[in-house]
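Notes to accompany the following structure.
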Amino acid sequence: MQIVGNQQIANFSLANGGSGYSVNDVLTAAGGTGTAATFKVLTLAPRTLVSVAINDDGSGYEVDDVLTVAGGTGTSATIKVDTVDSAGAILTAEVLAAGSYTVAPTTTANVVTGGHGTGAKFDLTLSAAGVVATVEMTSPGTYSVLPTLTENAVTDVGAGSGAKITLIAGDSNYAVAAEAAYSGVTTNNDPEATYKDVDCTIKEWGE
């Protein structure tokens with residue numbers, strides 16, 4: 001006989017959202033022996049403005065002017081003018097508010113609005129696209145040997161990479177499997193008894 005233990009994934013937490021994923025992507029736990037646990041991407045993190053570079057310095061601007069990034073879907077990012085020259089051309093500027101975008105604005109020569117001047121354009125650097133925000137477990141898997149539990153580097157059939165999920169294993173379920181049919185097996189209570197097949201399962205306490 002052989003005692004076989006099986007475990008499933010009982011719970012999980014997202015450890016790293018990676019990048020390049022899409023909603024409904026299927027993520028598969030890596031490693032282990034058995035049927036792998038799977039997860040589905042539910043939502044992606046919004047993108048934010050990380051930094052700016054002056055593409056066109058414009059004219060007529062003043063220090064502390066607040067400029068609004070054009071386009072995109074979500075909460076618009078803003079830029080603060082730090083220094084200007086005598087004609088009001090922007091010399092330096094910084095991100096004032098990072099915004100929150102589900103659809104990114106134009107990142108090259110973005111024509112900002114606001115302030116006292118005109119004509120300023122900025123090149124924008126946004127946070128990574130396709131960062132996983134939430135997932136749901138679609139299958140807990142069944143393992144005879146568990147995969148790596150801490151920050152499991154899940155795989156994706158799509159373009160995403162880098163996501164990691166910390167897995168929490170449930171209790172083991174054990175079964176006694178007969179490797180072959182037995183005959184002539186006797187019991188202490190009845191030495192004359194014989195059995196052709198052995199088929200039994202050891203359940204957890206309390207089941």
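Every number in this text was worked out from the coordinates using simple rules, so none of it is lab data. The structure displayed is predicted, hence computed values, not measured ones. Glycine gets a Cβ as well: all are built from the backbone with ideal geometry, and neighbour counts include every protein chain shown.
Normalising the average separation of contacting C-alpha pairs (under 8 angstrom, six or more residues apart) by the number of residues puts the relative contact order of the range 49-126 at 43 percent. When only the Cβ of Lys, Arg, Asp and Glu is charged (+1, +1, -1, -1), the dipole of the range 49-126 relative to its Cα centre reaches about 300 debye.
Taking only the C-alpha atoms of the range 49-126, Rg followed by Dmax gives 11.3, 38 Å. The alpha carbons of the range 32-166 give a radius of gyration and a Dmax of 21.6, 73 Å, in that order.
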